[in-house]
Amino acid sequence: MRAVIYARYSSDLQRDASVEDQVRLCRELIEREGWTTDATYADRGQSGASTLRAGYQKLLEDARAGRFDVVVAEALDRLSRDQEDVAGLYKRLQFAGVQLVTISEGRINELHVGLKGTMNALFLKDLAAKTHRGLRGRVEQGKSGGGNAYGYEVVRGFAGDGSAITGERTVNAAEAEVVRRIFREFDAGQSPRTIALGLNRDGLKGPRGRTWGPSTLYGNRQRGTGILNNELYIGRLLWNRQRFLKDPSTGRRIARSNELEQWVIEAVPHLRIIDDELWSRVKDRQQRHNLLITPAAGRLKPELARRPTYLLSGLLKCGQCGGGFSKISKDHYGCSHARDRGTCTNRLIIRRDLLEQKVLDGLKEQLMAPELVAGFVAEYHRECNRLIAATDQRLRAETDELAKVEKQINALVDAIKDGLRSAAMSTELERLEKRKVALHDVLVNHRPTPPRLHPRLADVYKAKVADLHAALNEPAIRTEAAEILRTLIEAVRLVPEDGHLAIELEGDLAAILTLGRGHDPRRLAELAQMQKAPLISGASSSASDPVLQGTMVAGTGFEPVTFRL
């Protein structure tokens, strides 16, 4: 009888010598039976729940080739813990004329396959349930349920009884600042790809020391993966959001979402990195992005979510047919319906740089209105006061924390004086001392100072407006400034008149420009705030008001205005 040996140890044992121990026991059985052996198949650190193991697959291949007569293993669960796989292995070996013998069960027959396969499957299920229960208990204490997130580091130490402390985390200051940068840049309008390129360019390492990629930042919003979706950054520990199942055909782990009531959510304020306001703005932008690429019909249109290439991309409309104005050459826009469908007679074109310059020139001219200058100065003052209040609140919180830390230090010192001493107490005392020094440095070096209000703030405003076009092309703020400006424009209509294209703006920006022409600010503010009424599409102006094309409609209020440049 030609015998071969199969040995395996699973990843939970993490003991490489286990394979040698199994082989030694199997050789003793082979010698007692008087068989010969010259081959051993082994899988090290491999789970028995999957058959995608190199040694196991090689064993099946050689069995089909008739290279041996009997397979010897320590126990049936060394070959597989899955009922279906055990039955399949037994059938394949029987077909190849190969016997299966184990030290624990002896010669394997159909009865062993049925009973042992069931017991192994129950063992795996019970093991998974106990592991899940233990992890949940740790999470409900605010500790890690396994793994670690970027921005944090594992706290290692020992409890008073000498046991190792597990599941504790603390904020990594350097990585936390990278996380804040990612959130700020995404909120400013940059794409995950642009942010990742910037982080790699600056030599900042990503999770596990790897380089950054867009998917590392954006992840999957529904599953909570990716830097921008990790709620641990706002002090909320979410666990059991999803579970993993193995695909029987491939052995790959597939994620499945759990019901909301199965989630475990714990507050961990000491792990907060991002404030609620910034988090909310990032979520709002992600929601707008999702609405763009997933319209009501459910058809995926990723091209709609692409970042606009130019300042007015996607906003241009033909004033004659209502179709889009798109690039027809490197530098010119034209009516898409006229060129692609032949359903419009508007064949006029306009240069991109000229169009943008016209819009920005009109904006610069009208933003010099005294009412808008006064509004800028007032808003500047309000923002300064808000920043002062936020700084004061932060300093008060740090002052309170310093008092709390000092109280905890004194309590530990008193306990040590009374004879209580352990490694955990020493570790905690060292941590509190470091925190005390850090808080003291913050309070000493960052005292709030009153803002210095520029005596010529109105002149500063006018200078910024005059340099508007250059500001919109400044790399540091171009993306954010362009996105803000685009949110004020509903549409730019290009109306053919006497052989040229007249430019009309619709949206909040039209109301701002009209304000600069001296119209009633209260009426214009009311017009600019109206968002529910549909936009009017006519190009003609009323005789009494050649600029403002708003009308009063019973029951709906004012419609948004149109401004002609």
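The values are calculated or read from the model by the stated rules, or taken from the named source; none is laboratory data. Only a predicted model underlies this, so the values are computations on that prediction, with no experimental measurement involved. As a convention, Cβ positions derive from the backbone with ideal geometry for all residues, glycine included, and neighbour counts pool all protein chains shown. We work out accessible area using only protein heavy atoms, side chains counted, and drop any ligands, DNA or RNA first. Shrake-Rupley method; radii C 1.70, N 1.55, O 1.52, S 1.80 Å.
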Which one of these is modelled with pLDDT of 85 or more and small (G, A, S): G251, G224, G219, G203?
-> G203
Are there any helices (runs of 4 or more DSSP H) wholly within the range 1-90 with 1 or more residues that are open to solvent by 20 Å² or more (accessible area, probe 1.4 Å) and over 18 Å from I108 (Cβ atoms), and if so which?
-> 17-33, 54-64
Give me the pairs: first residue in the range 326-341 and open to solvent by 40 Å² or more (accessible area, probe 1.4 Å), second residue of a type in the set (K, R), beta-carbon distance under 6 Å, and six or more apart or on different chains, which are they?
-> D331/R351; D331/R352; H332/R351
Give D467, D441, D508, D418 a once-over and let me know the one that is at pLDDT 70 or above, among the acidic types (D, E) and within 30 Å of I388 (Cβ to Cβ).
-> D441
Those residues of the range 257-276 which are in a loop (DSSP other than H, G, I, E, B) and over 25 Å from Y152 (Cα atoms), in sequence order | N258, E259
For the range 252-266, pairs from a residue that is small (G, A, S) and open to solvent by 100 Å² or more (accessible area, probe 1.4 Å) to a residue that is modelled with pLDDT of 75 or more and not in a strand (DSSP E or B), with Cβ under 6 Å and 6 or more apart or across chains, are none
Please enumerate the residues belonging to the range 83-114 that are free of Cβ contacts under 8 Å to residues at least 40 places away in the same chain and either in contact with a Gly (Cβ under 6 Å, 6 or more places away or on another chain) or of a type in the set (D, E) (or both).
-> Q83, D85, V86, E105, E110
Would you call A188 in contact with a Ser or Thr (Cβ under 7 Å, 6 or more places away or on another chain) and modelled with pLDDT of 85 or more?
-> yes
From the list L420, L443, L387, which one is in a helix (DSSP H, G or I) and either within 20 Å of N172 (Cα to Cα) or open to solvent by 50 Å² or more (accessible area, probe 1.4 Å) (or both)?
-> L387
